[in-house]
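Quick notes on the structure that follows.
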Amino acid sequence: MGVFHGVRFYGDDDDLCRSVAAFLSEGLLLGHPALAVASTVHCAGIEACLSARGFQIATLVRSGQLRLLDAEARLRRMLAPMIDRAGEASGQLRAYGEVVDILWKRAQPDLALQLEALWNSVLRSHDDVLLLCGYDRRNSYVNSDVEDICGHHSHVLPTADDSVLAL
């Protein structure tokens, strides 16, 4: 299996939560673990969407199959050890993260791209991890920013209106 490091630009929080829940659901249905490192609001939305899909959140969390982590609280911690622990479960790990988006919103795009490069380094030695990143379309981007972001990802997922990004 090749590397999957996708990016999803979003403009609507509810749409993002539905999209991330769909991404995580694919793995959960196969018995694979799922991890989301997102804002508190998005974690709650993802949880609600997973519940609406019939998943028993408390059971998944207790068993370690699902981890919903606050991105702000995790911003300064290394992510690789979390991947290693989650990867101890069977199957592929599907992970969603928006720490990079938080950095972008804090006017630290260089740090966001450095984190993307770190993720790529980590993913090269963890081919059982599928990572999806979220970037808010409402952020201020110039064409070169979008090209840089997309250049750090193996896949660019369309938005709900089926466009990548309207500049």
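Looking across region 119-148, the residues that are within 21 Å of residue 34 (Cβ to Cβ), among the hydrophobic types (A, V, I, L, M, F, W, C) and assigned to a helix (DSSP H, G or I) come down to 119, 122, 123. Restricting the first member to region 136-155 and to residues that are of a type in the set (A, V, I, L, M), and the second to residues that are in a helix (DSSP H, G or I), the beta-carbon pairs closer than 9 Å and six or more apart or on different chains are 149/100; 149/104; 149/109; 149/112; 149/113; 149/116. A residue that is under 14 Å from residue 132 (Cα atoms), of a type in the set (S, T, N, Q) and either in contact with a Gly (Cβ under 8 Å, 6 or more places away or on another chain) or at pLDDT 95 or above (or both) can be found somewhere in region 23-42. Within the set 89, 112, 107, 95, the sole residue that is under 23 Å from residue 127 (Cα atoms), assigned to a loop (DSSP other than H, G, I, E, B) and either hydrophobic (A, V, I, L, M, F, W, C) or modelled with pLDDT of 90 or more (or both) turns out to be 89.
Every residue, every condition in (1) of a type in the set (A, V, I, L, M); (2) under 21 Å from residue 127 (Cβ atoms); (3) at pLDDT 95 or above; (4) crowded, with 17+ Cβ neighbours inside 10 Å, yes or no:
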site	(1), (2), (3), (4)
11	no, no, no, no
20	yes, no, yes, yes
53	no, no, yes, no
61	yes, no, yes, no
72	no, no, no, no
102	yes, no, no, yes
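When region 130-162 is filtered for residues that are of a type in the set (Ser, Thr, Tyr) and more than 13 Å from the chain's Cα centre (by Cα), the ones remaining, listed by number, are 140, 141, 144, 154, 159.
The values are calculated or read from the model by the stated rules, or taken from the named source; none is laboratory data. These figures come from a predicted structure and were not determined experimentally. Cβ: placed from backbone, ideal geometry, glycine included. Neighbour counts: every protein chain shown.
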